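The next block holds one structure in the form of structure tokens; read it before the comments.
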Amino acid sequence: MSKVIVITSGKGGVGKTTTTAAIGAALAKTGQKVVVIDFDVGLRNLDLVMGSERRVVFDFINVIQGEASLSQALIKDKRIETLSILAASQTRDKDALTEDGVKKIIDELKEKFDWIICDSPAGIERGAKMAMHFADEAIVITNPEVSSVRDSDRIIGILDSTTEKAQKGEKVIKHLLITRYATNRAAHGDMLNTDDILDILSIPLIGIIPESDEILRASNLGTPVTLSAPDSAPSRAYTDAIKRLQGEKIEITIPTDKKGFFDWLLKRNR
Amino acid sequence: MVNNSLRSLPPLQIRGRSFLALVLSPKAPLSNWLFSLDAQIKRSSQFFFGKPVILNLELLTGHEDGLEQLYNDLFARNIQIISIEGLPATSSILKSWPKNFILTGGRDIDNIDPPIDSLPKNHPIPCYIIDEPIRSGQTIFFPEGDVIITNSVASGAEINAGGSIHVYGALRGRAIAGISGQSKARIFANQMEAELLAINGYYMASEEIPERLYTKPAQVLLKENVIHVMPLLKTK
């Protein structure tokens, strides 16, 4: 039984696309068949973060409008065989996302993949609503910061009211993923703490991803962080998160990169 | 020239229309009559509301005690007198009354029995109970009665209730109580962090909430048209 997951947040720049790539790659590495879909029509990014930007011929909108078949538009990842990406169109806008068109594609993808991961655009307009519309589960991305938390709260409200599941009287399963968590700032109390975030959003936590240079490096390389630096702190956090997504019970910890004296010395001499 | 301007003027519309007016006939002694009137208003509060009233003075001589004051007495009871009929011959005392048009003629319709207000029944006030958290951007609108939320209300959410609002989690959004004109409505919150508090149109912004009550259990009530936030404690 395949699962449709939406990665959403309301606010921009909190790490939706990075998370989509990292979680997609981590799931695919376990042998599961995964497709990641970019819903940010007009501002496509996922292809860059996945490193497949030079192989996009047909996109999501081409398939919706019947100009290409789904198999023509799906791009297979070169590193992991079970991972595919469906890119967004850069030249159209979000009005091209029709409910019937999206439903048809998602139904078709369900036959081919175990996990369909929808990367939502920021905001609460058509793109974001279409990305979540057919979701079974949602991963709500939040930074430890008040505006991000309020926007996530709004998104949870929309998940509970406008999605296909909500209209049928069912509930989209929701998970909270806190990203860009700066351990040193948390220690100084400069950041909204995890308990406060959970108190406001009151949905279960699926992971805390520490802020890391590895993430920036991975994005620039066009490789999901879970592939480029699988032993780094954020990769370990993402790997734990996908285990929880698959139903494993793992205690939530905030992984850190061990920095010994030699690391410091090496870094200085680099 | 005259012809031209006449031609450009719009035609006048003149129509006849009949309205039902109530005719009140005061009796002496006037103080007793006013007492009966008050009793009637109490039984059917809306009966005279917005209806034209003609005062018939046929039963009076024009020398009664309190006649000079009668017009003001009726005006104070929101009775709109559009005209007077049956003026007594010696009517010097009415000179202080507004110059109303004196009506003659008219056709009697049956005596009108004012309806009696139904007594307030002992039925429960409707209330709306919500167990889910109220998310940012959500609005709850329940003008019929109280809203009870057993969870938290997020910043950017809004609760509108005809009656009181009870929040058993944190109240971080806007709470607007008594929207159906109830100044006795209150707002209760287990954790008071509201963005806006309002009761029956009077409001208080978040920054005016006393610091010592912020994030604490509190209740909000309206006293002499001023919003008060108080600790939620057992009162004697």
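The values are calculated or read from the model by the stated rules, or taken from the named source; none is laboratory data. Just so we're clear, the structure is a prediction, and the values are computed from it rather than from any experiment. For neighbour counting, all protein chains shown are included, and Cβ atoms are generated from backbone atoms with ideal geometry for every residue, glycine included. Heads up: the accessible areas ignore ligands, DNA and RNA and are worked out on the full protein's heavy atoms, side chains in. Shrake-Rupley method; radii C 1.70, N 1.55, O 1.52, S 1.80 Å.
Descriptive notes on the structure:
- Accessible area that becomes buried as B packs against A, both chains, 1.4 Å probe, Å², nearest 100: 900
- For chain A: rounded, prolate or oblate by the Cα gyration tensor [a/c cutoff 1.5]: oblate
- Look at the Cα gyration tensor of the stretch B:123-236: its axes a ≥ b ≥ c give a/c under 1.5, and that counts as rounded.
- Pairwise FRET efficiency - B:ASP131 versus B:ASP65, Cβ, R0 = 51 Å, nearest 0.05: 0.20
- Against the rule of thumb 2.2 N^0.38 Å, how large the Cα Rg of the stretch A:1-128 comes out: 0.94
- Chain A, relative contact order [Cα under 8 Å, separation at least 6], %: 23
- For the stretch A:99-247, the number of Lys pairs with C-alpha atoms closer than 17 Å, counting only pairs eight or more positions apart or on separate chains, is 14.
- As a fraction of the 1.4 Å probe accessible area of the protein assembly as shown, surface on carbon and sulfur atoms comes out at 52 percent.
- For the stretch B:117-197, the set of GluC sites (Glu not before Pro) satisfying both a DSSP loop assignment and a count of at most 14 other C-beta atoms within 10 Å is given as B:GLU144.
- Accessible area expressed per residue, the protein assembly as shown, with surrounding protein chains retained (probe 1.4 Å, Å²): 56
- Cleavage-rule hits, GluC sites (Glu not before Pro), the stretch A:34-108, DSSP coil, Cβ neighbours within 10 Å at most 11: A:GLU81
- Mean-position separation - Cα centroids, the stretch A:47-86 and the stretch B:140-207, in angstrom: 50
- Percent RCO, i.e. relative contact order, over the stretch A:50-195, from Cα pairs under 8 Å lying at least 6 residues apart: 17
- For the protein assembly as shown, diffusion coefficient by Stokes-Einstein and Kirkwood Rh (Cα), 20 °C, 1.002 mPa s, µm²/s: 74
- Once the mean of 1/r is taken over each pair of separate Cα atoms and inverted, the stretch A:80-221 shows a Kirkwood hydrodynamic radius of 17.0 Å.
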